[in-house]
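In what follows, a single structure is set out as structure tokens and then discussed.
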Amino acid sequence: MRNSYLTIALVGLLPMILFACFDDSASRQGDSELASKLADEGYNSSNPDAQDAIDSMRQLRALMEQAKEKGIDVTREETTLWFAQQFLKFADWDEANQSAVAYAFAQYAPYAERSEELAEEIPGFQRKKVQEILTASLNELSQVVSGEIQRRPVNKVDWQNIQVGDDKLLSGGKPIFLYDYFSKSVGRPLTDTAVYNDHLGAIYHGGENLYPVDHDRAINSFLLKEDGSFDEALLREVTEIDNSNVGFLIYWNMGIPEWVEAREPEVRLGRSLFTGYDIDNPLVRDVWGKIARETGALTQGKKVTQLGYILANEPHWYSEAGHWSQNFQEMNAISSYTRSHFRRWLEKKYNGDLNQLNQNWGTDFASFSVVNIEIPIQPDTRGTPIWYDWCRFNMDRSTDWFRFLQAKLKEGNPDADTHIKIMPNMYSENERSHGIDVEALTELTTMIGDDAKARETRLLNHKQPERWESHYSLFWEELSMSYDFMESVSPNKIHVNSESHFLSASWWRDLDTSVEYVHAIYWLATLQGMDANMAWFWARDPDGSFEDRLEGELNFFDPALAGSFAGSVNQQPHVANAFTQVMYDLNSFSEEIFALRDQRRPLRLFHSETSAINKRFHMSEQFEMYERLFFEGFPVGFVTQNILLKQDHSLWDSVLVYKTEFVTRAELDALQAYLDQGGTVIVDDPRSLSKDEYGRPHASTLTASKGTLVLLDGTLTPTEIQQAALASIEGSLPKVTLSEQNGTEHKGVRWQAVPQPDGSYLLSAINLGKHNAKVTIGVKGATHVRVHDLFTERSLESELELQPKAVALWRVETESP
């Protein structure tokens, strides 16, 4: 039954054509030869439950030999074989260590009651999934060998010779998308090919491996001693990192030395989960300034910094009462330093007008130096001046902290690339007490950084269906909306997702996650800007055992990681294989993907953080319009005050303002300046742009000036507003057309099309919908078109069907009737 996490989907029988592809002598190779080979690779093939898979592996090896004789690349099959071997080995370990596996399942609440049952079933589940990936691999390769389909050779990553361009990573002169796992088996050197290879990825993790430890290869607070000297032993863990492969370094901020706490008793006030100290504390700033400068100088030019210095892991400072973060003692109080900082910020914000602050807040403070606020702040103050001032300050102070850190790093390493592991839901969701200004931080660093999430099923702590389930086969809102926003803010930066939660997350697991989902979500993320990603997470040692942090061999045991292990890719051979296979495909079509990513964003939604702070459901309302535009054949873009003032207006045709009542005077002035220079602005409703950050009516409104100002009267439906916006960019819409019928009025196929130098068009499509989609492809002004599948080199009809989560890449050509 589907409600069991161990239900196995029936793949189907191998077509008869497969067996005709085998050379008889090859097919009669003895099992003993293969068993010997597997034994050399660390797997004992004597387990009777693995014999079907071993037989399939023998058949696949024989077919691979035939393919190689024909000059066919078999990199994909080599990876499938590798994962098959590994997971057969893992299944044996799990079977022999059932109590340890049951303990891991018990650490994850949704699995806890079934932990013993799941531990008993998981070895068989893994073996069956191994058989499935082998069957699928045999099916595909048999079609390639027979000539039924053709596929591109894999463009393999040269991990030792990555070049970092302005907006892309290069390998062998071609764009490349890097992949690996976050928090890989701790302590393993780059020379360990059982962990660092093409199958799992080979990005060097300068510090990620120690989650959640504060020592060993991380740049952390413990590097500096009280006398101002550096701990040379810890410093060597940073400076003696293997310089062979591309990699990254991370600032690990959880801990603070005891000597700092002794001198600064308030240092833990205002801490958050992954930033374990007060960022306003002057001693913290002194310590981290010295560490950033020194480690920057010592690691300058090393390959481990090619993917940048990650300035923080998932920073956030949620500061409203009742938030889940309060359970971790986050922001339960603020320090005297933060209060002083807030007072200075208020005095500047109000231009020294204390009467205005008192009027806004309903207070009677005698001076700015005695202004006080209760933190955590009450959520029912949202929409009031005190809520706005605190949330805006909380964002500004964190941006100031990261600006300080980056400046100190660049004193030691002027060429340092940087990014921050921003949780994108800080932008896409409605909460705003978190202290993260996604636009400001994305603009600040030299690379875009995040740890975006997506999922195929609802959250396990949600009993009721989620909104997206009515229409879609996967949850894409956070990923897509945040990526389009960040790419609009910084369109020419490399984009690193250093902890991609596409395969599992805190409240999302599904052991029977579909291969189709894995393919779809990685295509979507890469088309929307992702250049490198480290999936969450790899925790198997080569013998199949749990890595040291899950076995207590680092002087501690982390039950949180044990809970993360349960139901993850570490127990999913089909998911692990699919992840690598989709990265192979993406890299084989990297130039086509960049052509699609370079498509212009002709329509921009106006984003105001002012409205997002004040309104309880502002981002949900923004998604309502974003969603309607997402399936229209072009990438959706955003503008803000800063984008309007700093970027070339020729990058877009028009700006749509939607349900955005609160804007600062500066935001309104930026829109007016855009109109003064000939821009086009569509405003959905007279209520939009009507109030300032404190809810006071603006004294003036937009005028057309030299541009085009379309003021809608507030009576139009969202669909009518969408159509008005699309009409404003009619001349910039693709010449390719794609119409969709899926049995509903809700579109589900996300597509893009760009012209090619030879006169053809490149067309990508992903069916995010939950229904089969019948699509009809055309070109404006043409009566007939030819469609060519670039994955298989087959010719297709212009009318075809896409199953849910299907990914397509086509060449479209016009032809005479």
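Looking at (1) open to solvent by 50 Å² or more (accessible area, probe 1.4 Å); (2) in contact with a strand residue (DSSP E or B) (Cβ under 8 Å, 6 or more places away or on another chain); (3) not aromatic (F, W, Y), which one does H205 not meet, given that it meets all the others?
(1)
Kindly establish whether I373 is under 30 Å from the mean Cα position of the chain (by Cα) and modelled with pLDDT of 95 or more.
On the way: under 30 Å from the mean Cα position of the chain (by Cα): no; modelled with pLDDT of 95 or more: yes.
Against the criterion (under 30 Å from the mean Cα position of the chain (by Cα) and modelled with pLDDT of 95 or more), I373 does not qualify.
Could you grab me the full set of residues in the range 275-317 that are in a loop (DSSP other than H, G, I, E, B), of a type outside the set (D, E, K, R) and open to solvent by less than 10 Å² (accessible area, probe 1.4 Å)?
Initially, the range 275-317 is screened for residues in a loop (DSSP other than H, G, I, E, B), giving 275-281, 300-302, 306-308, 314-317.
Remaining after also requiring of a type outside the set (D, E, K, R): 275-277, 279, 281, 300-301, 306-308, 315-317.
If the condition is that a residue be in a loop (DSSP other than H, G, I, E, B), of a type outside the set (D, E, K, R) and open to solvent by less than 10 Å² (accessible area, probe 1.4 Å), then T275, G276, Y277, I279, N281, L307, G308, P315, H316, W317 are the ones that fit.
Listed here are the residues, each with its yes/no results for (1) within 17 Å of the chain's Cα centre (by Cα); (2) within 18 Å of K421 (Cβ to Cβ); (3) open to solvent by 40 Å² or more (accessible area, probe 1.4 Å); (4) not hydroxyl-bearing (S, T, Y).
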{"position": "I448", "(1), (2), (3), (4)": "yes, yes, no, yes"}
{"position": "D451", "(1), (2), (3), (4)": "yes, yes, no, yes"}
{"position": "R458", "(1), (2), (3), (4)": "no, no, yes, yes"}
{"position": "N461", "(1), (2), (3), (4)": "no, no, yes, yes"}
{"position": "L479", "(1), (2), (3), (4)": "yes, yes, no, yes"}
{"position": "F485", "(1), (2), (3), (4)": "yes, yes, no, yes"}
{"position": "S490", "(1), (2), (3), (4)": "yes, yes, no, no"}
{"position": "I494", "(1), (2), (3), (4)": "yes, yes, no, yes"}
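Residues of the range 786-804 being out of contact with any Ser or Thr (no Cβ under 8 Å at 6 or more places or on another chain), open to solvent by less than 70 Å² (accessible area, probe 1.4 Å) and part of a strand (DSSP E or B), which ones?
L796, L800, L802
Does L550 satisfy the criteria of being at pLDDT below 95, touching a helix residue (DSSP H, G or I) at 6+ places or on another chain (Cβ under 9 Å) and either crowded, with 22+ Cβ neighbours inside 10 Å or under 14 Å from G187 (Cβ atoms) (or both)?
Details: at pLDDT below 95: yes; touching a helix residue (DSSP H, G or I) at 6+ places or on another chain (Cβ under 9 Å): yes; either crowded, with 22+ Cβ neighbours inside 10 Å or under 14 Å from G187 (Cβ atoms) (or both): yes.
When the stated conditions are applied, L550 passes them.
From the list A106, A119, A84, A136, exactly one residue is under 21 Å from W538 (Cα atoms) and either touching an Asp or Glu at 6+ places or on another chain (Cβ under 6 Å) or open to solvent by 10 Å² or more (accessible area, probe 1.4 Å) (or both). Which is it?
A106
Testing F537 on (1) within 17 Å of Y179 (Cβ to Cβ); (2) of a type in the set (A, V, I, L, M, F, W, C); (3) modelled with pLDDT of 95 or more; (4) open to solvent by less than 10 Å² (accessible area, probe 1.4 Å), one condition comes back false. Which one is that?
Result: F537 fails condition (3) only.
Going through the range 684-711 one residue at a time, which ones are open to solvent by 40 Å² or more (accessible area, probe 1.4 Å) and in a strand (DSSP E or B)?
Within the range 684-711, K691, P697, T708, V710, L711 qualify.
For the range 167-189, how many residues are part of a loop (DSSP other than H, G, I, E, B) and under 18 Å from N533 (Cα atoms)?
Applying the first criterion (part of a loop (DSSP other than H, G, I, E, B)) to the range 167-189 yields 167-168, 172-173, 177, 182-189.
So of that shortlist, the ones also under 18 Å from N533 (Cα atoms) come out as 167-168, 177, 182-185.
Going through the range 167-189 one residue at a time, the tally reaches 7.
Would you check which residues across the range 725-759 are part of a strand (DSSP E or B) and either charged (D, E, K, R) or open to solvent by less than 80 Å² (accessible area, probe 1.4 Å) (or both) and list them? Don't jump to the end; show me each part of the working.
First, pick out the residues of the range 725-759 that are part of a strand (DSSP E or B): 736-741, 749-755.
Once the filter is applied, which keeps residues that are part of a strand (DSSP E or B) and either charged (D, E, K, R) or open to solvent by less than 80 Å² (accessible area, probe 1.4 Å) (or both), the range 725-759 yields V736, T737, L738, S739, E740, V749, R750, W751, Q752, A753, V754.
Those residues that are of a type outside the set (F, W, Y), open to solvent by 20 Å² or more (accessible area, probe 1.4 Å) and either at pLDDT 95 or above or under 15 Å from V267 (Cβ atoms) (or both), I need them from the range 323-343; list them, please.
Step one: of the range 323-343, the residues of a type outside the set (F, W, Y) are 323, 325-327, 329-336, 338-341, 343.
Then keep just the ones that are open to solvent by 20 Å² or more (accessible area, probe 1.4 Å); that gives 326-327, 329, 332-333, 336, 339-341, 343.
Correct list: Q329, N332, A333, S336, R339, S340, H341, R343.
Output the residue which, of all residues in the range 503-526 that are open to solvent by 10 Å² or more (accessible area, probe 1.4 Å) and more than 16 Å from Y472 (Cβ to Cβ), is farthest from the chain's Cα centre (by Cα).
If we take residues in the range 503-526 being open to solvent by 10 Å² or more (accessible area, probe 1.4 Å) and more than 16 Å from Y472 (Cβ to Cβ), then D512 is farthest from the chain's Cα centre (by Cα).
Within the range 747-755, is even one residue of a type in the set (S, T, N, Q), out of contact with any Gly (no Cβ under 9 Å at 6 or more places or on another chain) and within 22 Å of Y584 (Cβ to Cβ)?
Taking the range 747-755 as the starting set, the residues that turn out to be of a type in the set (S, T, N, Q) are 752.
When the remaining residues are screened for being out of contact with any Gly (no Cβ under 9 Å at 6 or more places or on another chain), the result is none.
No, the range 747-755 contains no residue that is of a type in the set (S, T, N, Q), out of contact with any Gly (no Cβ under 9 Å at 6 or more places or on another chain) and within 22 Å of Y584 (Cβ to Cβ).
Pull out all pairs, ordered by first then second residue, where Cβ-Cβ is under 9 Å, the residues are six or more apart or on different chains, the first lies in the range 639-650 and is under 8 Å from A670 (Cβ atoms) and touching a residue at least 24 places away in the same chain (Cβ under 8 Å), and the second is open to solvent by 40 Å² or more (accessible area, probe 1.4 Å) and not acidic (D, E).
Short answer, once both residue conditions are applied: Q641/A666.
Would you confirm, using the coordinates I've provided, whether Q722 is under 28 Å from the mean Cα position of the chain (by Cα) and part of a helix (DSSP H, G or I)? Even if it seems obvious, please write down each step before you answer.
Values: under 28 Å from the mean Cα position of the chain (by Cα): yes; part of a helix (DSSP H, G or I): yes.
Yes, satisfied.
Quick check, is R432 at pLDDT 95 or above, surrounded by fewer than 23 Cβ atoms within 10 Å (Cβ to Cβ) and not in a helix (DSSP H, G or I)?
Numbers: at pLDDT 95 or above: yes; surrounded by fewer than 23 Cβ atoms within 10 Å (Cβ to Cβ): no; not in a helix (DSSP H, G or I): yes.
Judged against the criteria, R432 is not a match.
I need the full set of residues from the range 760-785 which are assigned to a strand (DSSP E or B), crowded, with 16+ Cβ neighbours inside 10 Å and over 31 Å from the mean Cα position of the chain (by Cα), in order please.
Once the filter is applied, which keeps residues that are assigned to a strand (DSSP E or B), crowded, with 16+ Cβ neighbours inside 10 Å and over 31 Å from the mean Cα position of the chain (by Cα), the range 760-785 yields G778, V779, V785.
Among K659, K646, which is modelled with pLDDT of 95 or more and either among the polar types (S, T, N, Q) or under 19 Å from V710 (Cβ atoms) (or both)?
Criteria check complete, one pass: K659.
Go through the range 97-148 and tell me which helices (runs of 4 or more DSSP H), entirely inside it, have 3 or more residues that are among the polar types (S, T, N, Q), closer than 17 Å to W82 by Cα and in contact with a helix residue (DSSP H, G or I) (Cβ under 7 Å, 6 or more places away or on another chain).
115-146
Are there any pairs with C-beta distances below 8 angstrom linking a residue in the range 160-173 that is over 19 Å from T526 (Cβ atoms) to a residue that is assigned to a loop (DSSP other than H, G, I, E, B) and among the polar types (S, T, N, Q), with the two at least 6 apart or on different chains, and if so which?
Q160/S244; Q160/N245
The values are calculated or read from the model by the stated rules, or taken from the named source; none is laboratory data. Given the structure is predicted, the values throughout are model-derived calculations rather than measurements. Backbone-built Cβ (ideal geometry, glycine too); neighbour counts: all protein chains shown. Heavy atoms of the whole protein, side chains included, go into the accessibility calculation; ligands, DNA and RNA do not. Shrake-Rupley method; radii C 1.70, N 1.55, O 1.52, S 1.80 Å.
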